[in-house]
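Just so it is clear, none of the values below were taken in a lab; they were calculated from the coordinates. Bear in mind the structure is a predicted one, so any value in this text is a computation, not a measurement. Please note: Cβ atoms are built from the backbone with ideal geometry, for glycine as well, and neighbour counts cover all protein chains shown.
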Amino acid sequence: VQLQASGGGLVQAGGSLRLSCTASGRTINMLHMSWFRQAPGKEREFVAAITRSRSTYYEDSVKGRFTISRDNAKNTVYLQMNSVKPEDTAIYYCATSAGLIISSLPLANAYNYWGQGTQVTVSS
């Protein structure tokens, strides 16, 4: 499966942004889908995941501000980012893999397929 992330850009603190991740090569309806991010000099970290049954999971620092959703008809996953902060600045990646289990969702090394990343920059 190929993943194409888009929607990044420059936004002021307190603003909003919506990222999209469109898959090709196979349908995503049976896949768990996730977003990760990587800031300069830091390791890639889990942001959010949505299971094929639409259960959602979030990293603590984005709870209440970010919302992950999916539109299987469009083969697309979204990350709505509200009340963004300068510390949200990073490259955001979507990811998936066949056979993911719930406990492995936050683990980057559990994923086989990654999008190319989209840059999000939050100015203070």
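Some values worked out for this structure:
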item: Contour minus Cα-Cα distance for Arg52 and Ser6 (0.36 nm per residue); result: 14.4 nm
item: Calculated FRET efficiency for the pair Ala73/Ala108, C-beta based, R₀ 30 Å, to 0.05; result: 0.60
item: Reachable lysines from Lys85, criterion Cα separation under 23 angstrom, eight or more residues apart if same chain; result: Lys42, Lys63
item: Among Tyr93, Ala48, Asn72 - extreme Cα towards positive end, dipole of the stretch 26-121, charges at beta-carbon; result: Asn72
item: Anchor Lys74: lysines whose Cα lies under 25 Å away (excluding residues fewer than 8 positions away in-chain); result: none
item: Cβ-placed point charges (K, R +1; D, E -1), dipole of the stretch 1-113 about Cα centre in debye, nearest 20; result: 280
item: Cα centroid of the stretch 12-76 to Cα centroid of the stretch 79-124, whole Å; result: 6
